[in-house]
Amino acid sequence: ACFLPGTIAVALHHGVIPRGEGHEEVAEGILKTCIDMYRMTPSGIAPEILSLGPGNTPEVRRNDRHNLLRPETAESLYFVGLLTGKPRYRRAAWDMFAAFRAGSRASDGAYTSLDDVYAQPSRRRDDMPTFWLAETLKYLFLNFAPPTLLPLDGWVFNTEAHPLRIFPRGAEAAGAAAAAAAA
């Protein structure tokens, strides 16, 4: 569910869902839960799966205490941060990166999934998922890049976080081509 705040933020930015109807608050509320998943563990790294029990009490089963270096929270921090401009999302991204650096960085500089984010130190797995480099680190980096680097009106991100340029269509494209030729 930690991808959802980012999806809501992009939809709000592009007018797919209207502002002022509580969607911003929903996105920020879900993202707060995702951030809290990182903050509630001794390692500062979120468990792979968390359930909310009675009274919204976080519950993590023993088999769900691992972490696979997934990008969804970093992605949502980026998009919600762009939408709101609130520095707390950048701080949360830094805390997330620092926790990964302290807890999942191997001696050779690679990063690895963890068996138990509650154990200090956690046993490291012998793997580094490709999405760690392609998505998680990219979104963590983008949290600190100027918002003008990849503005959402000019770029779209595919499912692997690769930015793709949005090219104008029709009369808009003709005007852009004429302006480029005149320059």
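Nothing in this text is a laboratory measurement; each read-out follows from the coordinates by a stated rule. Not measured: the values here are computed from a predicted model. All Cβ positions, glycine included, derive from the backbone under ideal geometry; neighbour counts span all protein chains shown.
Values for this structure:
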quantity	calculated
Members of segment 130-161 found to be assigned to a strand (DSSP E or B) and under 18 Å from residue 5 (Cβ atoms), listed by number	156, 157
Answer from 26, 80 - the residue that is touching a residue at least 12 places away in the same chain (Cβ under 8 Å), surrounded by fewer than 15 Cβ atoms within 10 Å (Cβ to Cβ) and assigned to a helix (DSSP H, G or I)	26
Among (1) in contact with a helix residue (DSSP H, G or I) (Cβ under 9 Å, 6 or more places away or on another chain); (2) β-branched (Val, Ile, Thr); (3) surrounded by fewer than 16 Cβ atoms within 10 Å (Cβ to Cβ) - the single one residue 57 does not satisfy	(1)
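Residue-wise test of (1) over 22 Å from residue 30 (Cβ atoms); (2) without any contact (Cβ under 8 Å) to a residue 60 or more places away in the chain; (3) crowded, with 16+ Cβ neighbours inside 10 Å.
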position: 67; (1), (2), (3): no, yes, yes
position: 113; (1), (2), (3): yes, yes, yes
position: 133; (1), (2), (3): yes, yes, no
position: 155; (1), (2), (3): yes, yes, no
